[in-house]
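The values are calculated or read from the model by the stated rules, or taken from the named source; none is laboratory data. Fair warning: this is a prediction, and the values are worked out from it, not measured in the lab. All Cβ positions, glycine included, derive from the backbone under ideal geometry; neighbour counts span all protein chains shown. The area values use the complete protein model at the heavy-atom level, side chains included, leaving out ligands, DNA and RNA. Shrake-Rupley method; radii C 1.70, N 1.55, O 1.52, S 1.80 Å.
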Amino acid sequence: MTEEKFRNEEVVLDIHDRPKAGHWIGLSLQHLFTMFGATVLVPILVGIDPGIALVSSGLGTLVYLFVTKGKIPAYLGSSFAFIAAMQMLMKSDGYPAIAQGAVTTGLVYLVVSLIIKKIGSAWLDKILPPIVVGPVIMVIGLGLAANAANNAMFNDGKYDFKFIAVALITLALTIFYNMFFKGFLGLIPILLGIVSGYLVALLFGIVDVELIKQAAWFAMPNFEIPFVQYQPKLYLNAITTMAPIAFVTMTEHIGHLMVLNKLTKRDFFQDPGLSKTLMGDGAAQIVAGFVGGPPVTSYGENIGVLAITRVHSVFVIGGAAVLAVCLGFVGKLSAIILSIPGPVISGISFVLFGVIAASGLKILIDNQINFDKKKNLLIASVILVIGIGGLVFKLNTFELSSMALATVLGIILNLVLPETARSEEK
């Protein structure tokens with residue numbers, strides 16, 4: 001890890017600050033709990049062992065931190081973008097095909113990173129001005145708002161007062177911890193919110209404790225290692241299905257970097273450089289494919305934790321990654337975290353997603369974007385409605401998520417629209 005002269009004095013712990021030993025595990029657990037639900041949901045939907053997904057997310061994050069020289073506090077969890085493709089491949093050819101697809105997407109990242117290293121990333125400033133970046137970041141924060149609200153209201157498709165009560169109590173407690181706790185407790189409001197919400201959910205009787213009782217203390221994850229668990233062969237369908245999706249997740253990768261740039265007061269496109277960040281993400285996906293997990297990507301939930309706590313230390317992120325690897329072998333603890341009900345996660349998400357969206361709004365304010373100009377108004381409008389509305393572009397097995405589609409359309413509009421509309425000309 002390389003040191004740097006700049007230090008952000010507005011945060012509690014900056015990127016290279018090491019937390020006290022007694023605080024470290026609590027801060028890392030906060031990130032672990034935050035990403036857990038989404039990271040294990042992907043393998044559950046696809047038919048992969050959740051334990052191996054935890055291991056692959058932890059290993060992938062450590063690889064990413066190593067490649068980026070410990071300069072970016074980003075946690076990598078299971079990617080949702082590949083779910084449909086992985087479900088199809090699991091039915092037709094099993095996990096070996098998914099593994100080959102994951103390795104292929106990682107190689108696509110590596111190739112693109114080498115190209116960017118050759119040509120530079122100055123073009124990013126042209127295609128990603130504040131009028132595009134601000135709304136895209138807002139979409140990242142608000143794109144899952146509907147899911148969070150639905151998980152807080154519905155129990156098997158039916159409106160459940162217990163669910164919404166638990167979600168709102170969890171939200172209220174998390175806000176209270178943020179506003180009135182100080183010292184170490186003031187650094188872990190999300191962790192405290194999750195634990196408190198879990199206890200409330202127990203009182204309301206919406207926690208399935210049978211899974212915890214049945215889980216073993218030690219459980220070896222179902223590793224899928226080539227030449228050990230299976231003999232690899234060429235799955236052309238896996239390559240052609242998953243490789244194009246890499247370009248979709250790259251737009252999400254760039255979007256998350258834009259949020260992190262704003263939070264940390266740095267420019268990661270320049271240092272360590274977009275080529276390094278893409279290389280780290282690609283290497284992480286390759287590692288995930290070689291151990292039996294789904295492809296990984298950076299998580300907006302964990303970026304939300306960085307924003308709320310103002311703890312940006314990569315040591316904390318690295319600690320969460322190590323804990324995730326260890327947790328993959330502890331069945332009882334995995335079952336406890338897996339049993340956290342949706343309303344608890346939703347109560348936390350109302351804060352996390354909102355903070356990210358507010359960061360995008362701040363970009364528009366700081367850059368004094370003039371919404372009396374039709375070009376700015378149209379770009380922001382299209383990005384926000386398409387991104388938050390959930391419009392998806394599908395062509396066979398290729399799918400462009402609403403966030404990626406909104407980003408692409410925002411970039412195109414910014415490049416093709418004239419600065420001044422005809423009706424604005426004097």
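Against the condition under 30 Å from A84 (Cα atoms) and hydroxyl-bearing (S, T, Y), how does S401 come out, does it pass?
Values: under 30 Å from A84 (Cα atoms): yes; hydroxyl-bearing (S, T, Y): yes.
Yes, satisfied.
All conditions but one from (1) open to solvent by less than 20 Å² (accessible area, probe 1.4 Å); (2) without any contact (Cβ under 8 Å) to a residue 12 or more places away in the chain apply to L185; the one that does not is (1).
Filtered by the rule that a residue be small (G, A, S) and either open to solvent by less than 20 Å² (accessible area, probe 1.4 Å) or within 23 Å of P96 (Cβ to Cβ) (or both), the range 290-326 gives G292, G293, S298, G300, G304, S313, G318, G319, A320, A321, A324.
Taking the criterion of being out of contact with any Ser or Thr (no Cβ under 7 Å at 6 or more places or on another chain) and farther than 27 Å from Q100 by Cα, would at least one residue in the range 278-289 satisfy it? The answer is no, given that none of the residues of the range 278-289 is out of contact with any Ser or Thr (no Cβ under 7 Å at 6 or more places or on another chain) and farther than 27 Å from Q100 by Cα.
State whether the residues of the range 262-278 include one that is surrounded by 23 or more Cβ atoms within 10 Å (Cβ to Cβ), of a type outside the set (A, V, I, L, M), assigned to a helix (DSSP H, G or I) and over 14 Å from the mean Cα position of the chain (by Cα). Taking every residue of the range 262-278 in turn, at least one turns out to be surrounded by 23 or more Cβ atoms within 10 Å (Cβ to Cβ), of a type outside the set (A, V, I, L, M), assigned to a helix (DSSP H, G or I) and over 14 Å from the mean Cα position of the chain (by Cα). Within the range 222-239, the set of residues being among the aliphatic types (A, V, I, L, M) and closer than 12 Å to T104 by Cα comprises L234, L236, A238, I239. Of the numbered criteria (1) closer than 19 Å to L32 by Cβ; (2) open to solvent by 50 Å² or more (accessible area, probe 1.4 Å); (3) among the hydrophobic types (A, V, I, L, M, F, W, C); (4) modelled with pLDDT under 85, the one F329 fails is (4). If you go through the range 146-155 and pick out every residue that is assigned to a helix (DSSP H, G or I) and either touching a strand residue (DSSP E or B) at 6+ places or on another chain (Cβ under 7 Å) or open to solvent by 40 Å² or more (accessible area, probe 1.4 Å) (or both), you end up with 5. Taking the range 131-188 as the range and being farther than 30 Å from P19 by Cα, of a type in the set (S, T, N, Q) and under 21 Å from the mean Cα position of the chain (by Cα) as the test, the residues that pass are N147, N150, N151.
S381 - would you say it is more than 28 Å from H31 (Cβ to Cβ), small (G, A, S), touching a residue at least 24 places away in the same chain (Cβ under 8 Å) and open to solvent by 50 Å² or more (accessible area, probe 1.4 Å)? No, not satisfied.
With a cut-off of at least 1 residues that are more than 22 Å from I337 (Cβ to Cβ) and at pLDDT below 85, name the helices (runs of 4 or more DSSP H) lying wholly within the range 165-248.
On the way: elements: 189-204, 210-214, 236-242.
Per the criteria, 236-242.
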